[in-house]
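The values are calculated or read from the model by the stated rules, or taken from the named source; none is laboratory data. What you see is a predicted model, and the numbers here were worked out from it, not measured in a lab. Please note: Cβ atoms are built from the backbone with ideal geometry, for glycine as well, and neighbour counts cover all protein chains shown. With ligands, DNA and RNA removed, areas are computed over all heavy atoms of the protein, side chains included. Shrake-Rupley method; radii C 1.70, N 1.55, O 1.52, S 1.80 Å.
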Amino acid sequence: MNHDSYDDAYLRGILGETQKIVVLGASPNPARASNMILGYLLHHGYEAIPVNPGHAGGAILGQAAYGRLADLPEPVDMIDVFRRSEFLAGVVDEVLALDWQPKSIWIQLGLRDDAAARRAEAVGIKVMQDRCIKIEHARLMR
């Protein structure tokens, strides 16, 4: 997959088939983008689940927070990643170690690791990189 650009129909299809989204790196700080995105997703009818080891067992925006993906009680459709690029290979390792696989991994604006994306795509996971899910949702899903 060429991660330099995405067809609108491809993104619309992913957003349309998604119901449960993990926000990996979600923050309780309302000034952080991950907090705003979690709130946006909840407001638009998605089941959005925060994952952040520093807040495991607590809640972010009223949603139970988990420490890591392996702690989730059930599979999700998408993992929206708020981790720096140097950590993306480890995120994909964590995803590939799960007993289940998400349909997609969305890597937020400014973040990219083509080798990690290829590993996820090799097992059938769709990957979007360097895109903001809120911007794309607002643009495509009106």
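Among the residues of region 15-40, which ones are assigned to a helix (DSSP H, G or I) and either open to solvent by 10 Å² or more (accessible area, probe 1.4 Å) or more than 13 Å from residue 141 (Cβ to Cβ) (or both)?
Selection gives 16, 17, 33, 34, 35, 36, 37, 38, 39, 40.
Every residue, every condition in (1) within 17 Å of residue 125 (Cα to Cα); (2) without any contact (Cβ under 8 Å) to a residue 12 or more places away in the chain, yes or no:
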position	(1), (2)
6	yes, no
20	yes, no
34	no, no
38	no, no
49	no, no
54	no, yes
57	no, yes
73	no, yes
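What number of residues in region 41-56 are farther than 10 Å from residue 23 by Cα and open to solvent by less than 30 Å² (accessible area, probe 1.4 Å)?
1
Between 88, 140, which is touching a helix residue (DSSP H, G or I) at 6+ places or on another chain (Cβ under 6 Å) and open to solvent by 10 Å² or more (accessible area, probe 1.4 Å)?
140
Okay, residues lined up against (1) touching a helix residue (DSSP H, G or I) at 6+ places or on another chain (Cβ under 8 Å); (2) in a loop (DSSP other than H, G, I, E, B); (3) aliphatic (A, V, I, L, M); (4) over 22 Å from residue 140 (Cα atoms):
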| position | (1), (2), (3), (4) |
| --- | --- |
| 1 | yes, yes, yes, no |
| 12 | yes, no, no, no |
| 54 | no, no, no, yes |
| 100 | no, yes, no, yes |
| 105 | yes, no, yes, no |
| 109 | yes, yes, yes, no |
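Give 94, 121 a once-over and let me know the one that is of a type outside the set (Lys, Arg), in contact with a helix residue (DSSP H, G or I) (Cβ under 9 Å, 6 or more places away or on another chain), touching a residue at least 12 places away in the same chain (Cβ under 8 Å) and outside any loop (DSSP other than H, G, I, E, B).
94
What residue, among those in region 64-82 that are in contact with a helix residue (DSSP H, G or I) (Cβ under 8 Å, 6 or more places away or on another chain) and surrounded by 16 or more Cβ atoms within 10 Å (Cβ to Cβ), is farthest from residue 37 (Cα to Cα)?
Looking at residues that are in contact with a helix residue (DSSP H, G or I) (Cβ under 8 Å, 6 or more places away or on another chain) and surrounded by 16 or more Cβ atoms within 10 Å (Cβ to Cβ), I get 69.
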